[in-house]
Each structure stands twice: as C-alpha cells, then as structure tokens.
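Below is one structure; the comments refer to it alone.
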Amino acid sequence: MALKCPGIQFTVVDTDAKRIAAWNSSSLPVYEPGLDDIVRERRGVNLHFSTDIESAIYEADIILIAVNTPSLPAGADAGEGAGWATDLSAVEHCAMRIAHVAMSPKIVVEKSTVPCKTGDVIGSILRRHGHSGVTFDVLANPEFLSEGSAIRDLVDPDRVIIGGSHGTERAQQVLASVYAQWVCADRIVTMGLWSAELVKLASNAMLAQRVASINAIGALCEATGASITDVARGCAMDSRIGAKFIRPSVGFGGSCFPKDIASLVWLSRSLGLDDVAAYWQQVLSINEHQKTRFAQRIVHTVGALAGKRIACLGFAYKAGTGDARNTPAAAICRTLLAHGAQLAIYDPKVPKDCIFAHLCDPCFEDNSTSSPGVAAAAAGNAVHVCKTAYQAMDGAHAVAILTAWDEFRHIDWQRASGSLAAAPPKSFVFDGQLVIENVAELEQQTGLNVFAVGRSHLQSYVDRKVSVIMSDGRLVVGMLRGLDQTTNIIMQECQERVFSEDDGVEMVDLGLYMIRGDNIVLVGLIDEAADAELDFENTRCAPIEPVKH
C-alpha cells in the first residue's frame with residue numbers, strides 16, 4: 001500500500017522489538033517474493049517500522065488491526081470452543097489500547113481473519129473504554145493475499161471488500177479512496193460488516209474444500225489405477241470448475257485454511273447448525289486423512305524405519321513462502337520420527353530453528369526463530385537440517401517430497417539414486433506434490449520406485465514386462481496392459497510355471513511382484529540375466545493397493 005500510495009504515511013507497529021528491528025534491517029523477518037525490493041524503496045520515505053505503538057495510534061486517521069487470530073488451544077483443561085473457536089484476545093487487546101490512547105476520531109479496520117460479528121465486539125470495547133467525545137468507525141477489510149504471491153495479489157486484486165455497519169458509509173468511502181489509487185472502482189465492493197467478515201472465512205473454506213476434494217479423488221485413483229493428472233485436467237476444462245486448487249498434494253496447511261474452517265465449524269455449532277458444522281469438519285478430516293495416508297505409505301513400503309534415514313524435501317506448507325505454520329510436512333515428519341526414523345530435512349526458505357520448533361510443538365504458531373536451543377534439544381539427534389536436497393538424499397533409504405518447490409522438479413535423479421543407502425530397486429521416492437512428471441521413464445532409467453499421490457504405483461509398469469507370483473504358487477510372466485475398473489490385472493503374452501519358495505528365478509529386466517492376501521507387493525526389478533534367489537523373509541515389499549486375483 002505504501003508503494004501505491006506515496007502521499008500517505010504508513011507506520012507498522014509491533015510489541016516485538018526484535019521483529020521490528022528485523023523489518024528495519026536488510027534481513028526481513030518473513031520471506032515473500034518481491035517484498036524486499038518494496039520495503040527498501042519505501043522504508044524511511046512513507047513506510048516506517050516502530051515499537052512506539054501509542055504515538056502511532058495517537059497520530060493515525062486509519063488504524064488497521066492485523067494481528068494473529070489462531071484457534072483456541074485444545075487441551076484437557078481448555079474451555080468451550082477449544083481447538084475450534086478463534087482466539088480473539090489479540091484483537092480485543094488492540095481495541096482496548098486504541099480506546100485508551102485515541103483522542104481524535106479514528107477509522108478502525110479489521111484486517112485479521114475473524115468470526116462473524118467480531119466488529120461488534122471491537123465497537124463495544126471502543127465505546128465503553130474510549131475517551132468522551134471520541135468517535136470510532138469500525139470496518140472489515142479482509143485480506144485475500146496468498147503467501148508466495150502476496151505482492152501480485154495486492155497490486156492486482158480480484159476484489160477489495162470493505163464492510164461496515166449503518167452509519168459508517170463515509171468511513172467506507174475514505175478507505176475505498178485509498179485503494180482507488182491503484183484498484184479499479186468495479187473491484188472495490190462495499191457491504192455489511194458481518195457479510196465482509198464471513199466472505200473471508202467462506203472463501204478460504206471453499207478453497208480448502210477443493211484441495212480436500214481432489215485429494216479424495218486421488219485416493220480413488222490410487223485404488224483403481226486411474227490417473228489423477230488426467231482426471232484433474234478433465235475437470236479443469238469445465239469452465240464452472242477451472243484449474244486452480246485441484247492439484248493433489250499431501251494436504252493443505254498454513255495459518256488460514258485449517259483455523260478458518262475450524263472457526264466455521266464452531267460458528268455453525270454455536271448457531272445450532274450441526275449438519276453444516278459436520279460438513280465443514282469433514283473437510284478437515286479428509287485433510288488429516290491425506291497426511292496420515294501418505295506417512296503410512298512410507299512406513300509400510302520402506303518397512304521397519306528404526307535408524308533409517310529418510311530425506312524430506314520441503315517443510316514449508318507450500319512453495320513460495322518460508323511459513324511452516326500447520327504445514328503437512330510437520331505431521332508427516334512426526335509420524336516418521338515416531339517409528340524411529342532419522343530425518344534429513346531440506347527446505348530453501350524455512351529456518352532450521354523454525355523446523356525444530358514445529359516438529360517439537362504441533363501447536364507452535366510463531367513462525368520466527370524463538371527458543372532454538374529448546375527445540376533442538378527436544379529433537380535430539382533424530383533430525384538433521386541440510387543445506388541442499390542432494391545432501392539430504394545422501395545415504396537416505398527413501399525420499400519424501402513434501403513441498404512443491406520448483407527446484408525439486410529439476411532434481412538429477414540419476415545422480416540422487418547413486419547416493420541413496422539402498423541400491424535400486426529397493427530405493428523409494430514418495431512424491432507428495434506431483435513434481436515428478438515422467439514417472440515411468442524415471443523408474444525405467446534409474447530403477448527407483450516412485451510412489452506419487454493420486455497415482456497407482458502399478459500404473460508405471462503398464463506396457464512393460466512383469467512377473468506376478470499368484471497366491472496359488474503360479475509365476476505369471478507377461479506384458480502388463482493395465483487395470484480394469486475392478487482393478488484386475490490385465491496381462492498379455494503370458495507364460496506360467498509353478499513356483500515355490502525354494503526356486504531360483506531367471507528373468508531379465510522384469511518387475512517382480514507377489515500377491516499376498518489381497519495386496520500386490522513389489523519385490524523389485526531383476527536387471528541381470530542371472531539366478532535371483534527370492535528370500536521371503538528379508539525382501540522389502542511395497543504394498544500397492546487391493547486387487548482381485
């Protein structure tokens with residue numbers, strides 16, 4: 001805003017002196033593409049950072065409240081709404097401070113994401129505790145900035161929402177005139193205060209719903225052999241749906257989606273709308289299920305994890321930001337640690353201390369680097385933060401891609417496969433962000449086994465020669481042509497022979513599978529024309545999905 005409104009003075013205040021010092025330094029406390037250049041250009045001109053909160057309030061005409069509004073912490077001694085309702089204590093504290101300091105009329109604007117009717121709470125505090133004769137107009141102006149593209153979103157917004165109650169029309173126009181310096185008039189929308197507050201929650205809930213929906217469809221694709229890439233592309237071509245937020249992943253995270261949906265659940269419950277609350281709660285449940293499925297796939301595929309090194313590529317909740325609040329990576333990493341794994345984590349933007357803090361405390365909300373010593377001590381020797389992706393993969397038994405950083409799309413997997421602890425075909429890559437495009441080609445060239453969200457592992461062996469050991473002891477060798485709708489194996493050019501545990505196996509360039517119970521399990525690829533003794537006890541097997549046989 002300071003960049004687009006050079007005639008207006010903007011002062012950012014905070015109680016955290018270290019954070020303000022960082023804003024006044026060459027090392028900003030947050031990473032956002034393009035932000036450094038803007039701050040350097042406007043700082044000291046019409047953009048100021050200070051801890052003198054009272055002076056800033058006293059001098060301001062418009063006050064934006066942009067504080068953290070997390071969910072109330074859950075716990076045995078927590079009260080009603082714990083884990084669901086929004087913690088408004090910081091907002092209320094700001095309102096109280098404004099009321100005590102302000103000596104002239106103020107326009108007070110909610111920028112934080114808050115539940116419906118929070119504006120009434122702010123207004124009530126200002127009226128009760130403000131000085132006699134001082135008037136306040138309370139507006140809601142929710143931000144719709146997406147981390148990683150926040151500057152672009154602010155410079156060219158889809159819409160600017162300004163909400164106010166009856167009697168605040170002049171204040172709404174004053175705020176609208178600020179945005180009008182760079183935003184087209186038809187994108188600046190005024191509405192009621194409560195409606196503006198709910199727009200933000202509803203928008204985030206619908207976006208999160210799309211993520212949960214495509215991940216649920218991805219689970220079906222993994223079970224049936226359908227391609228989630230094709231399904232998503234087909235859906236995206238429908239103009240009513242579009243392509244945004246329908247890419248499978250390990251789930252959504254960040255400071256907004258989880259807590260905003262939780263806020264909607266609590267709001268619905270408090271209004272007696274239990275069915276509505278259950279609907280939105282299911283979005284959160286699907287998201288948790290996705291993280292759990294991905295982590296358990298690693299556990300079941302790699303086998304006993306105790307002492308094994310797992311390379312975790314990415315820790316931020318999404319690419320383009322250093323924010324790790326509610327990141328799916330933390331939940332997945334904690335599951336792997338619980339099974340005794342040694343983690344080698346690399347993220348290009350999340351600081352080491354922040355990684356430790358989020359791993360040690362699932363409720364950690366501050367994305368700064370506070371108390372690094374305590375966090376590091378709690379993590380012990382099980383977590384190693386690396387400086388490059390290749391360093392993380394060196395000596396790893398498996399690789400998990402947890403954030404869709406662009407550099408992970410360009411990994412030299414031939415190089416990486418040579419540094420893994422287990423030689424192909426007993427080395428695994430778990431792609432939780434679909435950054436690997438030509439999976440079948442990569443597997444064929446490197447011998448790696450790639451498991452990607454929304455994709456049947458068996459799919460990469462279509463049109464390749466494979467062998468399957470059936471439950472009745474038959475060894476079937478042939479060309480895998482695909483899976484039908486009931487996930488039966490479709491093979492051609494088959495040859496069969498009776499197979500037992502004592503047999504040697506003579507195959508060249510074959511994928512060796514077995515069927516155990518209702519699961520196809522990958523044993524490995526035999527790439528030498530030699531006898532390969534099959535050890536049923538020590539062979540690492542990878543469960544694919546239930547099949548009929």
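The values are calculated or read from the model by the stated rules, or taken from the named source; none is laboratory data. Just so we're clear, the structure is a prediction, and the values are computed from it rather than from any experiment. For neighbour counting, all protein chains shown are included, and Cβ atoms are generated from backbone atoms with ideal geometry for every residue, glycine included. The protein model used for the area step is the full one, side chains on, heavy atoms only, and it has no ligands, DNA or RNA in it. Shrake-Rupley method; radii C 1.70, N 1.55, O 1.52, S 1.80 Å.
A few comments on the model shown:
- Verdict on D158 being surrounded by fewer than 14 Cβ atoms within 10 Å (Cβ to Cβ), touching a helix residue (DSSP H, G or I) at 6+ places or on another chain (Cβ under 8 Å) and outside any helix (DSSP H, G or I): yes
- Cβ separations smaller than 8 Å between residues 6+ apart or across chains give the following pairs from segment 100-119 residues that are within 17 Å of G192 (Cα to Cα) and among the acidic types (D, E) to residues that are open to solvent by less than 30 Å² (accessible area, probe 1.4 Å) and part of a helix (DSSP H, G or I): E110/V91; E110/T118; E110/G119; E110/I122; E110/E197.
- Count of segment 411-450 residues, restricted to those that are over 24 Å from the mean Cα position of the chain (by Cα) and of a type in the set (D, E), is 3.
- Of all residues in segment 177-199, those that are farther than 19 Å from R152 by Cα and either in contact with a Phe, Trp or Tyr (Cβ under 6 Å, 6 or more places away or on another chain) or of a type outside the set (F, W, Y) (or both) total 11.
- Test: residue in segment 166-188 that is touching a Pro at 6+ places or on another chain (Cβ under 9 Å), surrounded by 18 or more Cβ atoms within 10 Å (Cβ to Cβ) and closer than 30 Å to G432 by Cβ: no
- Odd one out for K200 among (1) in a helix (DSSP H, G or I); (2) of a type in the set (D, E, K, R); (3) under 19 Å from E437 (Cβ atoms): (3)
- Looking only at segment 294-327, residues that are of a type in the set (A, V, I, L, M), in contact with a His (Cβ under 6 Å, 6 or more places away or on another chain) and assigned to a loop (DSSP other than H, G, I, E, B) come to 2 in all.
- Selection within segment 260-295 - touching a Pro at 6+ places or on another chain (Cβ under 7 Å) and farther than 15 Å from S249 by Cα: S263, L267
- A95 falls short on exactly one of the conditions (1) buried (at least 18 other Cβ atoms within 10 Å of the Cβ); (2) in a loop (DSSP other than H, G, I, E, B), and that condition is (2).
- Selected residue (criterion: most open to solvent (accessible area, probe 1.4 Å)) from residues of segment 40-77 that are part of a loop (DSSP other than H, G, I, E, B) and touching a strand residue (DSSP E or B) at 6+ places or on another chain (Cβ under 8 Å): D61
- Scanning segment 233-257 for residues that are over 19 Å from A400 (Cα atoms) and under 19 Å from the mean Cα position of the chain (by Cα) yields A243, K244, F245, I246, G254, S255, C256, F257.
- Hey, S227 in contact (Cβ under 8 Å) with a residue 40 or more places away in the chain and either touching a Lys or Arg at 6+ places or on another chain (Cβ under 8 Å) or open to solvent by 40 Å² or more (accessible area, probe 1.4 Å) (or both) or not: yes
- All of (1) open to solvent by 20 Å² or more (accessible area, probe 1.4 Å); (2) farther than 18 Å from G119 by Cα; (3) of a type in the set (A, V, I, L, M, F, W, C) hold for V211 with one exception: (1).
- Exclusive hit being open to solvent by 40 Å² or more (accessible area, probe 1.4 Å) and under 30 Å from L72 (Cα atoms), set L271, L220, L201: L271
- Residues that are more than 25 Å from I62 (Cα to Cα) and either of a type in the set (G, A, S) or in contact with a strand residue (DSSP E or B) (Cβ under 9 Å, 6 or more places away or on another chain) (or both) within segment 10-38 comprise S25, S26, S27, G34, listed in sequence order.
- Of all residues in segment 243-298, those satisfying the criterion of being without any contact (Cβ under 8 Å) to a residue 40 or more places away in the chain and on the phi > 0 side of the Ramachandran plot are F245, G272.
- Verdict on V121 being out of contact with any helix residue (DSSP H, G or I) (no Cβ under 9 Å at 6 or more places or on another chain), part of a helix (DSSP H, G or I) and surrounded by 15 or more Cβ atoms within 10 Å (Cβ to Cβ): no
- Selection of segment 142-168 for residues being in contact with a Ser or Thr (Cβ under 8 Å, 6 or more places away or on another chain) and free of Cβ contacts under 8 Å to residues at least 24 places away in the same chain yields only D153.
- In summary, L139 fulfils each of the numbered conditions (1) in contact with a Ser or Thr (Cβ under 7 Å, 6 or more places away or on another chain); (2) part of a helix (DSSP H, G or I) with the single exception of condition (2).
- Among the candidates S203, S195, residue that is in contact (Cβ under 8 Å) with a residue 40 or more places away in the chain and of a type in the set (S, T, N, Q): S203
- Listed conditions (1) modelled with pLDDT of 95 or more; (2) more than 20 Å from L175 (Cβ to Cβ); (3) among the polar types (S, T, N, Q); (4) not in a helix (DSSP H, G or I) are all met by S104, apart from (2).
- Inter-residue pairs, beta-carbon under 7 Å, first touching a residue at least 40 places away in the same chain (Cβ under 8 Å) and surrounded by fewer than 16 Cβ atoms within 10 Å (Cβ to Cβ) and in segment 1-30, second part of a loop (DSSP other than H, G, I, E, B) and of a type in the set (A, V, I, L, M, F, W, C), 6+ apart: K4/W182
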